[in-house]
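Chemist: Pasting in a structure now, in structure tokens, and then I'll have a few things to ask.
The values are calculated or read from the model by the stated rules, or taken from the named source; none is laboratory data. Being a predicted model, the structure only gives us computed values, none of them experimental. Don't worry about glycine lacking a Cβ; one is built from the backbone with ideal geometry, like all the others, and counts go over all protein chains shown.
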Amino acid sequence: MRHALTANRLSDGEVVFWSGADWVGAFAEARLYDSEAEARAAEAKARGEVTRVIDPYLIEVAAMAGRDAPVSFRERIRALGPSNRPDHGKQAQGGEAVRALALAEGAARSSGRTALIRRK
């Protein structure tokens, strides 16, 4: 399973993705990690960037609709969002990458976040 690194930008709360060089707003520009060890190392480094982003974590990515997309429905919404109107937010930009995210299927949880859920 491939991974991408995501977080929220502290200055405005925008969903961002690590490109390998900087935090970017488009999932299509995200660096995808094939190696679990490399992905975990990038996540650990990002956790030290508390002045730029908050809550960085890895998301699972798989090929869907001919392009890579987050496996988790929640993460696809974050990549396209906000979801209040299709003419608002990242999905309003259109293009092949946005169309692929919108057409991706599946509602699996991102395993990177399940560790944060505590059941009583």
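Chemist: Consider only pairs whose beta carbons are under 6 Å apart and that are at least six residues apart or on different chains; among these, list those whose first residue lies in the range 62-82 and is at positive phi and modelled with pLDDT under 85 and whose second residue is surrounded by fewer than 20 Cβ atoms within 10 Å (Cβ to Cβ) and not small (Gly, Ala, Ser).
Modeler: Close Cβ pairs satisfying both conditions: ALA65/LEU103.
Chemist: Further question on the same structure: Among (1) part of a strand (DSSP E or B); (2) modelled with pLDDT of 95 or more, which single condition is ALA39 missing?
Modeler: If we test ALA39 against (1) part of a strand (DSSP E or B); (2) modelled with pLDDT of 95 or more, just (1) comes out false.
Chemist: Follow-up. What residue, among those in the range 1-36 that are of a type in the set (S, T, N, Q) and not in a loop (DSSP other than H, G, I, E, B), is surrounded by the most Cβ atoms within 10 Å (Cβ to Cβ)?
Modeler: Applying the filter and picking the extreme gives THR6.
Chemist: In the range 85-98, which residues are outside any helix (DSSP H, G or I) and either farther than 15 Å from GLU14 by Cβ or modelled with pLDDT of 90 or more (or both)?
Modeler: Selection gives ARG85, PRO86, ASP87, GLY94, GLY95.
Chemist: Follow-up. With the requirement that a residue be touching a Phe, Trp or Tyr at 6+ places or on another chain (Cβ under 8 Å) and over 16 Å from PRO70 (Cβ atoms), what does the range 1-37 give you?
Modeler: Residues satisfying the conditions are ARG9, TRP23.
Chemist: Kindly provide the set of residues from the range 22-38 that are farther than 18 Å from ASP55 by Cα and either in contact (Cβ under 8 Å) with a residue 60 or more places away in the chain or of a type in the set (Gly, Ala, Ser) (or both), ordered by number.
Modeler: If the condition is that a residue be farther than 18 Å from ASP55 by Cα and either in contact (Cβ under 8 Å) with a residue 60 or more places away in the chain or of a type in the set (Gly, Ala, Ser) (or both), then ALA28, SER35, ALA37 are the ones that fit.
Chemist: Give the residue that is modelled with the lowest pLDDT, with candidates limited to residues of the range 44-61 that are surrounded by 14 or more Cβ atoms within 10 Å (Cβ to Cβ) and assigned to a loop (DSSP other than H, G, I, E, B).
Modeler: GLU49
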